[in-house]
Amino acid sequence: MSNPFGSMIHGTPAMALASLFMRDAGLKSQKPTRVKRVLQIVCPGAASHIDLWDYKPELFKRSGDEMPGLTGVKTFQGGNGRIMRPPWEFRPAGRSGKMLSSMLPNLSRHADDMAFIHSMTARSSTHGPGLLQLNTGFVLDGFPSMGAWLSMAMGNLTDNLPTYVSIPDVRGLPPNGPANWGSGFLPAAFQGTAFNAEKPLSNMGSGKVSASDARLRRELERLDQHFNASLGGDSDITARMKSYALAAKMQLAAPEATDLRKETAATHALYGTTSSNPLEAAYARNALLSRRLLERGVRFVQLYCGACASGVDGLLNWDAHKTLKADYERHVPILDRPTAGLLADMKSRGLLDDTLILWTTEFGRMPTHQIGAAGRDHNPDAFTVWMMGAGVKGGTSYGATDEFGHKSVTDVATVYDFHATVLALCGIDHTKLTYYHNGAQRRLTDVHGHVIRQVMQS
């Protein structure tokens, strides 16, 4: 999978047709929509729904009791012990009184703007395939990401920045790495461009145009036109040509967009970019970068809070098998203040009026502790995601798990339903956004998916 910035020509000037290519390639929304851009926040490692968002009083009342039908039953990583209560209390948030973990004091302030889907289910209990399904709709590699589908469907908003940017955590790439923002079998131009505040885009050059640059530009344009006219074109080569054109424009736009020094001290304080916790500060800078990209016309931004699994469970992401309390006392503060600052900042700037924000993870956790440990095993039968912003009915909760948070039982939702709903909010019928590949009309939702209208404004 090519990186559109892996082979930029140093100092290449703007080349014609880059913006036209992206606009012509976009299918555009099929229905009027308020959504112009999407921010997807991803917490790899399966952030625990029952410790963060899904309040279950029975876990507190019956902590230490045997779980009916589950004690000793092996799941992903071993046997399940007894019921384990969340390490922290839950408190009512907002006018709605939504019960959320006391470890989320800052995000809780936005509860009335959030729409929770508490009955999510996944097809895999393994991180790599689970995260792929969350991001591409399939548990196997090689399928286009949601951001790629939306880039193709909606086109670009700006000529001088990528349509789709993925911002990895400073701790590393998520499970399956670039496959989470790849274009799969879609034209390569729709893949995400990955960079973060710590390692912004390189090879931008000075932006000065020399005579040799101009000659090279004209020759490349001539060759590209000849290739497309005579040979029918090739997705990878066309994407490479367009990357040269975009690179030239980005020589001026990207350095400005990624320069966080232009923000006020009050904004930096809101996000926590100078936190004494270096990981919180790093994620805060990435969150601030995401807002700057969105307001400058990037159509889809994917912001990661967590990386791949490590030898020590729960060190680099939310995979808390052994010591959930200690792990989440490390992870939750990294997420809470910067993300809440991002939401508040976007709201104050009016960006929530036309931006859809998604909080996602690949699956949930078990209500019991693992035998011999103080953590929770994987649980694909129940987890929570939430959304807010343009078109979203804030202060709502859809679906429910059982009394222990073990299984989704009311209005059970799938990842396909989630994707169908995201596309619907963007004005797109998920059954009509298709691409012919290998004998089939492929789509993000495969042959499944129902729009969850209850989380959408009427």
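General observations
- Test result for Ala326, among the hydrophobic types (A, V, I, L, M, F, W, C), in contact with a Lys or Arg (Cβ under 8 Å, 6 or more places away or on another chain) and assigned by TED's automatic domain parsing to the domain that holds His110: no
- From the list Leu279, Leu223, the one residue that fits, being at pLDDT below 70, surrounded by fewer than 20 Cβ atoms within 10 Å (Cβ to Cβ) and assigned to a helix (DSSP H, G or I), is Leu223.
- Single match in Thr163, Thr121, Thr136 (criterion: among the polar types (S, T, N, Q), buried (at least 22 other Cβ atoms within 10 Å of the Cβ) and in contact with a strand residue (DSSP E or B) (Cβ under 8 Å, 6 or more places away or on another chain)): Thr163
- Look at (1) over 26 Å from Val455 (Cα atoms); (2) in a helix (DSSP H, G or I); (3) not aromatic (Phe, Trp, Tyr) and you find that Leu352 fails only one, number (1).
- Strands (runs of 3 or more DSSP E) within region 391-458 that include 1 or more residues among the β-branched types (Val, Ile, Thr): 396-398, 408-410, 434-437
- When Ser290 is tested against (1) touching an Asp or Glu at 6+ places or on another chain (Cβ under 7 Å); (2) part of a helix (DSSP H, G or I), only condition (1) is not met.
- Test: residue in region 409-418 that is acidic (Asp, Glu), more than 19 Å from Ala47 (Cα to Cα) and within 19 Å of the chain's Cα centre (by Cα): yes
- So Ser166, is it closer than 29 Å to Leu335 by Cα, of a type outside the set (Lys, Arg) and at pLDDT 95 or above: yes
- Of the numbered criteria (1) over 26 Å from Arg330 (Cα atoms); (2) assigned to a loop (DSSP other than H, G, I, E, B), the one Ala47 fails is (1).
- Leading residue by the ranking (modelled with the highest pLDDT) among those in region 355-380 that are surrounded by fewer than 19 Cβ atoms within 10 Å (Cβ to Cβ) and touching a strand residue (DSSP E or B) at 6+ places or on another chain (Cβ under 7 Å): Ala374
The values are calculated or read from the model by the stated rules, or taken from the named source; none is laboratory data. These figures come from a predicted structure and were not determined experimentally. Every residue, glycine as well, gets a Cβ built from its backbone with ideal geometry; the counts of neighbours run over all protein chains shown.
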